[in-house]
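Undergrad: So that we are looking at the same thing, I have put the structure below in structure tokens.
The values are calculated or read from the model by the stated rules, or taken from the named source; none is laboratory data. This is a predicted model, so every value here is computed, not measured. Every residue, glycine among them, receives a Cβ derived from its backbone with ideal geometry; neighbour counts consider all protein chains shown. SASA here: full protein model, heavy atoms, side chains in, ligands and nucleic acids out. Shrake-Rupley method; radii C 1.70, N 1.55, O 1.52, S 1.80 Å.
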Amino acid sequence: MDVLLDIWQRMTTPHAALQPPTTWLTVAGAALIVLFPPVWRVARHAITIVHEGGHGVVAVLCGRRLGGIRLHSDTSGLTVSRGRPSGPGMIFTLLAGYPAPALLGLGAAWLLSRGYDVGLLWALLAALALLLVQIRNWFGLWSVAVTAAVVFGVSWFGSAQVQGVFALLVTAFLLFGALRTSFELAQSRSRRAGSSSDADQLARLTHIPGTVWVGVFLALQLGCIALSAQLLGFGLV
């Protein structure tokens with residue numbers, strides 16, 4: 001009981017905002033992670049976790065039966081849900097993946113704007129725990145478990161400064177990483193016909209070109225970045 005009370009107190013105690021130089025350096029660090037290919041190849045697994053989690057959450061909300069999630073070493077993933085193969089439920093399920101990291105980043109920015117750095121980290125831990133029970137392959141289990149271990153380590157052992165920097169780093173990474181995946185999607189679609197990407201599946205269901213769906217993903221992601229910047233006081237909106 002004492003441990004639970006300690007966790008609750010940590011989650012609900014606001015932290016002071018980071019100093020502007022630290023904030024800008026942290027955001028720049030997140031951008032470097034996304035832009036530097038050797039680091040991005042590893043960090044992208046975290047984006048895939050959120051992407052597939054987004055499919056899973058929306059599938060359940062739309063009344064579909066979630067069959068499980070697989071995460072692969074090439075940073076691809078697969079979420080299996082059962083229900084009607086067409087209709088609004090399937091459309092929203094497919095639509096959810098690419099915007100999910102940016103929407104999570106926006107929610108994280110909202111929490112950070114109120115000083116709940118540790119609350120954000122524990123919310124991420126709870127989400128990872130829920131996701132873990134839906135994973136259906138060993139690499140996926142390892143990927144989610146390692147991510148959860150890193151978040152837990154910072155949330156439990158890190159100083160207030162370290163927790164604040166890490167929380168902001170995760171937030172900015174989610175926002176920038178989501179944007180990069182949509183640009184990668186656009187590039188891969190231009191090189192490969194008959195793709196089974198989310199955008200192409202949406203195109204087949206709605207008869208709206210896949211390029212338009214890629215544009216929808218980008219618009220949602222850019223909107224999340226702009227709103228997050230405003231919440232965090234970057235003065236970009």
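Undergrad: Within segment 102-113, identify whether any single residue is buried (at least 16 other Cβ atoms within 10 Å of the Cβ) and assigned to a loop (DSSP other than H, G, I, E, B), and answer yes or no.
TA: Among the residues of segment 102-113, not one is buried (at least 16 other Cβ atoms within 10 Å of the Cβ) and assigned to a loop (DSSP other than H, G, I, E, B), which makes the answer no.
Undergrad: Continuing with this model, one more query. Pull up segment 132-151, narrow it to residues that are within 21 Å of Ile7 (Cβ to Cβ) and touching a residue at least 40 places away in the same chain (Cβ under 8 Å), then point me to the one that is most open to solvent (accessible area, probe 1.4 Å).
TA: Thr147
Each row is one residue, and each column tells you yes or no for (1) touching a Phe, Trp or Tyr at 6+ places or on another chain (Cβ under 6 Å); (2) of a type outside the set (Val, Ile, Thr); (3) within 18 Å of Gly233 (Cβ to Cβ); (4) open to solvent by less than 80 Å² (accessible area, probe 1.4 Å).
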{"position": "Thr12", "(1), (2), (3), (4)": "no, no, no, yes"}
{"position": "Leu18", "(1), (2), (3), (4)": "no, yes, yes, yes"}
{"position": "Trp24", "(1), (2), (3), (4)": "no, yes, yes, no"}
{"position": "Ala30", "(1), (2), (3), (4)": "yes, yes, yes, yes"}
{"position": "Arg41", "(1), (2), (3), (4)": "no, yes, no, no"}
{"position": "Ile49", "(1), (2), (3), (4)": "no, no, no, yes"}
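Undergrad: What are the pairs, 6+ residues apart or on separate chains, where a residue within segment 56-81 that is within 12 Å of Leu131 (Cβ to Cβ) has its Cβ under 6 Å from a residue that is surrounded by 20 or more Cβ atoms within 10 Å (Cβ to Cβ) and of a type in the set (Asp, Glu)?
TA: Ile69/Glu52; Gly77/Glu52; Thr79/Glu52
Undergrad: Does Val154 fit the bill of being crowded, with 21+ Cβ neighbours inside 10 Å, in contact with a helix residue (DSSP H, G or I) (Cβ under 8 Å, 6 or more places away or on another chain) and over 17 Å from Ile49 (Cα atoms)? Give the steps one after another, and end with the answer.
TA: Details: crowded, with 21+ Cβ neighbours inside 10 Å: no; in contact with a helix residue (DSSP H, G or I) (Cβ under 8 Å, 6 or more places away or on another chain): yes; over 17 Å from Ile49 (Cα atoms): yes.
Criteria not met by Val154.
Undergrad: Among the numbered conditions (1) over 16 Å from Leu112 (Cα atoms); (2) touching a residue at least 12 places away in the same chain (Cβ under 8 Å); (3) loosely packed, with under 15 Cβ neighbours inside 10 Å; (4) hydrophobic (A, V, I, L, M, F, W, C), tell me where Ala160 comes up short.
TA: It fails just one condition, (1).
Undergrad: Look through segment 60-73, keep the residues that are closer than 21 Å to His45 by Cβ and among the hydrophobic types (A, V, I, L, M, F, W, C), and return whichever of them is surrounded by the fewest Cβ atoms within 10 Å (Cβ to Cβ). Let's see the steps before the verdict.
TA: So in segment 60-73, the residues closer than 21 Å to His45 by Cβ come out as 66, 68-73.
Now restrict to residues that are among the hydrophobic types (A, V, I, L, M, F, W, C): 66, 69, 71.
Details: Leu66: 17, Ile69: 25, Leu71: 26.
Checked segment 60-73; the qualifying residue surrounded by the fewest Cβ atoms within 10 Å (Cβ to Cβ) is Leu66.
Undergrad: What number of residues within segment 1-42 satisfy the criterion of being assigned to a loop (DSSP other than H, G, I, E, B), more than 19 Å from Leu111 (Cα to Cα) and under 23 Å from the mean Cα position of the chain (by Cα)?
TA: Start the filter on segment 1-42 by keeping residues that are assigned to a loop (DSSP other than H, G, I, E, B), which leaves 1, 13-19, 36.
Still in the running and more than 19 Å from Leu111 (Cα to Cα): 1, 36.
Imposing the further condition that a residue be under 23 Å from the mean Cα position of the chain (by Cα) reduces the set to 36.
Residues in segment 1-42 being assigned to a loop (DSSP other than H, G, I, E, B), more than 19 Å from Leu111 (Cα to Cα) and under 23 Å from the mean Cα position of the chain (by Cα): 1 in total.
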